[in-house]
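Written out below as structure tokens is the structure these notes cover.
No lab work stands behind these numbers, since they all come straight from the coordinates. Since the model is a prediction, treat every value here as computed from it, not as a measurement. Cβ coordinates were reconstructed from backbone atoms using ideal geometry, including for glycine residues, and neighbour counts include every protein chain displayed.
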Amino acid sequence: MQYRNLGQSDLKISLTGLGTMTWGFQNTLAQGFEQMDYAIDQGINFFDTAEMYAIPPTKETYGSTETIIGSWFASRKNRDKVVLATKISGPGMGWIRNGSNRLDKKNISLAIESSLKRLQTDYIDLYQLHWPNRDFYHFGKTWGFSPKHDVVAIEANFIEILETLQKFIVAGKIRHIGLSNESAWGTMKYLQLAKEMNLPRIASIQNEFSLVCRYFEPDLSEVAIQEQCGLLAWSPLSRGALSGKYLNGARPKGSRLTIETRPDHRAHPQTEIAISKYVDLARRYKIDPCQMAIAFVNQQKFVTSTLIGATSMEQLQNNVEAINLQLNDEILKEIELIRREHPLPY
């Protein structure tokens, strides 16, 4: 396993991070335990979760993933072996705190205390804002994104958020803070305010990044490198599609797209064309398509950890093996040729 520093801290996290969002819906408690045990054995020390998991999000499964992780900590007595990250949900989920889940002092305080209880721990290593209060361009909103913000009000809210998180850091309940599904402007604004007001510094950004979703480049990648605020890359397999299992309309039994209740913003003819080209490339080089996709993300200088999630141990083991794969210049050049042909598949 390889390790990289989380932001400017001396905390080292595994380049392969364990995603957990299927536990409590697609995966049982026992299966979650099996995945965590395996991850630890492989040198993975970074686990990422969120209060709203399991996915797809529902009122009935809200908090179930954190509860499974908490039960594992209680059973294994190994909290010190894990760098634990979780997130507070932004606005939009009506069942979270009775729909009053705007990022502010009240909701952050409630969310942290509730997560600590479910996780059966005294502290969270990395506490992240799952998505912002304002309109944002992630989750398929890229093409319609038109920022019209009251900057004064946003700055006041950012300060309230940072001041609230600072109190929890002082109390020892969280160690570091991060963003998720954030823009370059939002990230730099948080960093600016933290510096000016001596408030906690953002350590990471958790955004989507894969062969077919490279919106993190170039602006956020520059921020990540220059400001030492690296990417925690989610969905490096683009919901599993880069395995090739959904090509030509296939829907394998038990796969994510057979149970997902939300619209799929990735479902476009051009997306399938791009994915088929990447899958064909991997097979031509006799590389597993999933491992090629994950290795590509791992090799980016702005990435701190690549978050992999799986519903089966076979998938997890295969994806973890990508840590041993180094893509050579020849295959990287071919990846760039495909990207030029299909720069924005969705």
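Numbers for the structure displayed
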read-out: Percent RCO, i.e. relative contact order, over segment 148-217, from Cα pairs under 8 Å lying at least 6 residues apart; value: 30 percent
read-out: Paramagnetic label zone (point 7 Å from Cα along Cα-to-C-beta, GLU227; backbone N under 13 Å) in segment 151-182; value: 178-182
read-out: Selection from ILE124, SER71, SER235, by position along the positive dipole direction of the chain (Cβ); value: SER71
read-out: Cα-projected label distance for GLN2 with LEU337, points at 7 Å along beta-carbon direction, nm; value: 2.5 nm
read-out: Degrees, to the nearest 10: 105-119 long Cα axis against longest axis of the chain; value: 60 degrees
read-out: Segment TYR38-TYR137, extension gain: residue separation times 0.36 nm, minus the distance between their alpha carbons; value: 32.1 nm
read-out: Simple spin-label estimate for LYS59 and LYS286 in nanometres, 7 Å along Cα-Cβ; value: 5.6 nm
read-out: Segment 1-149: relative contact order in percent, alpha carbon pairs under 8 Å with at least 6 residues between; value: 19 percent
read-out: Hits among aspartates and glutamates - C-alpha to C-alpha of LYS286 under 17 Å, sequence gap 8 or more where chains match; value: GLU321, ASP329, GLU330, GLU334
read-out: The chain - percent relative contact order, Cα under 8 Å, separation 6 or more; value: 17 percent
read-out: Residue exposure sequence - TRP143, TRP95, TRP131, TRP23 - by fewest surrounding Cβ within 10 Å; value: TRP143, TRP95, TRP131, TRP23
read-out: Separation of the TRP95 and ILE169 label points, Cα + 7 Å toward Cβ, nm; value: 3.4 nm
read-out: On Cα atoms only, tilt of 184-197 relative to the major axis of the chain in degrees; value: 30 degrees
read-out: Bridge type composition, the chain - antiparallel percent by DSSP, nearest 5; value: 10 percent
read-out: As computed over the chain, the Cα convex hull volume per residue (Å³); value: 130 Å³
read-out: Fewest-first sequence of THR16, THR61, THR28, THR304 by Cβ atoms within 10 Å of each Cβ; value: THR28, THR61, THR16, THR304
read-out: Value at 222 nm in deg cm²/dmol, rounded to 500, when DSSP H runs of n ≥ 4 in the chain each add -39,500 (n - 2.57); value: -12000 deg cm²/dmol
read-out: Helix axis angle, 269-284 relative to the chain longest principal axis, alpha carbon, degrees; value: 70 degrees
read-out: Proxy reagent accessibility, fewest Cβ within 10 Å first, across ASP125, ASP10; value: ASP10, ASP125
read-out: Paramagnetic reach from ARG76 in segment 1-22 [backbone N under 14 Å; point 7 Å along Cα→Cβ]; value: 14, 17-20
read-out: Computed lengthening from LYS301 to GLN120, 0.36 nm per intervening residue step minus Cα-Cα distance; value: 61.7 nm
read-out: Reciprocal mean inverse distance between Cα atoms of segment 69-182 - Kirkwood radius, Å; value: 15.3 Å
